[in-house]
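The values are calculated or read from the model by the stated rules, or taken from the named source; none is laboratory data. Being a predicted model, the structure only gives us computed values, none of them experimental. Positions of Cβ are generated from backbone atoms using ideal geometry, with glycine treated the same way; all protein chains shown enter the neighbour counts. Side chains are part of the model used for accessible areas, which takes the heavy atoms of the whole protein and leaves out ligands, DNA and RNA. Shrake-Rupley method; radii C 1.70, N 1.55, O 1.52, S 1.80 Å.
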Amino acid sequence: MSVTVPMTATRSAVDAMLQVEGITHVYGQGATAHRAIENLSFTVGPREFVSIVGPSGAGKTTLLRILSGLLTPTEGTVSLVGEPVDGVPEGMAMVFQDYSRSLLPWLSIEKNVMFPLTRTEAGRDERRRIARESLEAVGLADRHDRYPWQLSGGMQQRVAIARALAYRPRLLLMDEPFASVDAQTRSDLEDLVLSLRDRYDMTILFVTHDIDESVYLADRVLVLSRPPAHLVEEIPVPIPHPRDQITTKETDEFVDLRGRVARLIRSGGQPDGGGSR
Amino acid sequence: MTTTEIRTTDAANPGPAAPGKGGLRGTARLSKRLAVDFGALVVLVALWQLATSAATTPFFPTPLEIVENFGKMFFTGPPEHLFLTDAATGDVFASLWRMLLGYAIGCAWGIIVGTLLGRSRAAREYTDPVVELLRSIPATASLPLFILVLGGGDFMRVAFIAWGVSWFVLINTASGVASIHATMLAMGRAFRVSRVRQLFGIILPAAMPKILAGMRIGLTAALILVVTSEFMVATNGIGFQLIQAQRRFQVLDMWTWMLLLAVLGYLLNTILEVTEGRLLAWHRKARD
Ligand SMILES: Nc1ncnc2c1ncn2[C@@H]1O[C@H](COP(=O)(O)OP(=O)(O)O)[C@@H](O)[C@H]1O
Ligand SMILES: [Mg+2]
């Protein structure tokens, strides 16, 4: 590794938004230690949409926590635009898997969306305008004065997304953001995220355990193994944009890719799995 | 004393986050509650009046006599003092002042230390035995020590009240802060919210239901403690007057001071409950 680091580091300064190098994470110590991630490396380019799929408990949330600087990995490094991540970097926003716990119940949803914006230059009116715009983008503008607990799970999730958008991140990390919404809302939110990526020029890392979703959204799918998570395969998704919930999913290309991802997940990263051709 | 005891134990078990007696739901709810409270009270007082007028013991004057004396003792002063008597301005205000200052200091201290402890599991585990031991000493039992060390003045009384109050607030705050969900805290860090704003915008509001539950028990404690502290080496205050009245066999005065304490306790508690109802509207509704 000591040989490859300088080389890739140079490369990363040029064309990588996010660079993950040999990450290993172990929770706890001694007999109860749990290896969540094992020697994981990958690179994400600017404005790329990368899905991360893997079985439940694989270490996906752990990975995002490391990428966001909330958790220091046992080994390995993360760099954002060439800079090593040490603590939470600027320009990064997160949509938590546990979205309802991430909203502040004593604030209206507009205030929730405004909450992280105090450090920006914007004055109060400007912050409110940005918050309204983001709520508008997720279709909640007319409920700006509601409180999180007055909203359904899907709406709360949209508030969490609006909060992340209002923050204007370069890098958006989303941890199974649509896990608890009904199918129709889910499709709507998927298309919403795709359109917002274009509108706000974001790089998105999207964790999901839904195979269709991972392929539909992404430019590239990273398949993680059973724990301890390592990279089983990176699958590029060369399906052109704009994508459509019905027609895109009917194409041979989509069906083929989805099958590949599914086989890789089922094999759990074992080399004898029927996935790789 | 017995009623206070019952309230203390009731509030000492705040459960997940005790809202004030179900909390208040706007003025409609307040007036309804007042009607219920006072309805029962009227019946009780009527029975008490019957019993005491039938009995001949000098130790139990009738409620009417007490109320009459209450007016005479506190509200027959000169008009320029808003009809307040010297007893009202001197003794009552002296006690109130000590109590509120001690209460404020105790709450501030309890919230500060409780927040620090709540933030650090290591600190909690380390200090837990000491905290458990110290808070198990009934605050009243430490009064002789306070007098010995700090003398018999107001400073001692304020410190004594603050000490007693702080434990309730400290323990509730620590448990409230410690039980904030990790994701909520991670949100603050992930969005690079300043530390000050993490404290005032996330940690304290999230722990507020528990902090206020502690402050409610603390308020009851403060009233007990101020009176107790005035039983010894005092020259004024409600507790002092109570003891004086007892020594001089002024039974009616004694009862009058007790009535005053009941009224004060009720008023203060109501003020806090209304404040709590305002501050924690989100909490109550979120749970419904
Ligand atoms: N704070 C923690 N301490 C110990 N083990 C943890 C902790 N967080 C997660 N784990 C364990 O690490 C593994 C991966 O968890 P996680 O990253 O949440 O997986 P995923 O998001 O893929 O479902 C799980 O077995 C989980 O129990
Ligand atoms: Mg997860």
Output the residues of the stretch A:96-127 meeting this criterion: accessible area (heavy atoms, 1.4 Å probe) in the chain alone minus accessible area with all protein chains in place is 30 Å² or greater.
A:F96, A:D98, A:R101, A:L104, A:P105, A:W106, A:F115, A:P116, A:T118, A:R119
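Counting only heavy atoms of the protein chains, get the accessible area per residue of chain B (1.4 Å probe) and round it to a whole Å² value. Intermediate values should be presented prior to the final figure.
Details: 15340 Å² over 288 residues.
Each residue of chain B exposes 53 Å² on average to a 1.4 Å probe.
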Label-point separation, B:L41 to B:L267 (7 Å along Cα→Cβ), nm:
1.2
Just going by the charge dipole of the stretch A:60-155, with Lys and Arg at +1 and Asp and Glu at -1 on Cβ, which of A:N112, A:G69, A:V81 is farthest out on the positive end?
A:N112
Report, ordered by chain and residue number, the lysines lying within cross-link reach of A:K60, taken as a straight Cα distance under 21 Å and ignoring same-chain residues fewer than 8 apart.
none
Other protein chain Cβ atoms within 10 Å, averaged over every residue that makes up B:178-190:
6
Most fluctuating of B:V45, B:V196, B:V67 in the GNM of chain B (C-alpha, under 10 Å) is B:V196
Per residue, how much space in cubic angstrom lies within the convex hull of the C-alpha atoms of chain A?
147
Excluding ligands and nucleic acids, what accessible area in Å² is computed for B:M187 using a 1.4 Å probe, to the nearest 10?
0
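Computed on protein heavy atoms with a 1.4 Å probe, what is the summed buried accessible area for the chain pair B and A, in Å² to the nearest 100? List each step's numbers first, then the result.
Numbers: alone 16480 and 13400 Å², together 27660 Å².
Result for this pair: about 2200 Å² buried.
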Using DSSP to call loops (not H, G, I, E or B), can you name the trypsin sites (Lys or Arg not before Pro) in the stretch B:186-288 whose Cβ has at most 13 other Cβ atoms within 10 angstrom?
B:R248
Within chain A, excluding any GluC sites (Glu not before Pro) found in a DSSP loop (not H, G, I, E or B) and having at most 15 other Cβ atoms within 10 Å, the longest uninterrupted segment runs A:122-277
Most positive-pole-ward Cα, B:G110, B:T57, A:L103, against dipole of the protein assembly as shown from beta carbon charges
B:T57
Excluding ligands and nucleic acids, what accessible area in Å² is computed for A:T62 using a 1.4 Å probe, to the nearest 10?
10
May I ask you to compute the full-extension gain from B:A28 to B:F60, defined as 0.36 nm times their residue separation minus their alpha-carbon distance, rounded to one decimal in nm?
7.8 nm
Would you kindly give the portion of the calculated P(r) for the stretch B:142-288 that falls above 19 Å, as a percent of all Cα pairs?
64
What lysines sit close enough to B:K285 to cross-link, taking a C-alpha to C-alpha distance under 17 Å and skipping anything fewer than 8 places away on the same chain?
B:K21, B:K210
Mind putting a number on the dipole of chain B about its Cα centre? Charges go on the C-beta only, +1 for Lys and Arg and -1 for Asp and Glu, and I need it in Debye to the nearest 20.
1480
Measuring from centroid to centroid over Cα atoms, what is the spacing of the stretch B:133-187 and the stretch A:194-267 in Å?
56
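Under the rule that an exposed site lies in a DSSP loop and has at most 15 other Cβ atoms within 10 Å, name the longest stretch of chain B with no chymotrypsin sites (Phe, Trp or Tyr not before Pro) of that kind, not counting the sites themselves.
Numbers: sites that count: B:F59, B:F75, B:F83, B:F249.
Longest stretch, sites excluded: B:84-248.
So what is the relative contact order of the stretch B:86-287, in percent, for Cα pairs below 8 Å that sit 6 or more residues apart? If you can, show how the numbers build up before the last one.
Working: 220 pairs, mean separation 55.1, N = 202.
Computed value for the stretch B:86-287: 27 percent relative contact order.
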Tell me the label-point distance for the pair B:V233, B:V274, using the 7 Å Cα-to-Cβ offset, in nm and rounded to one decimal.
3.9
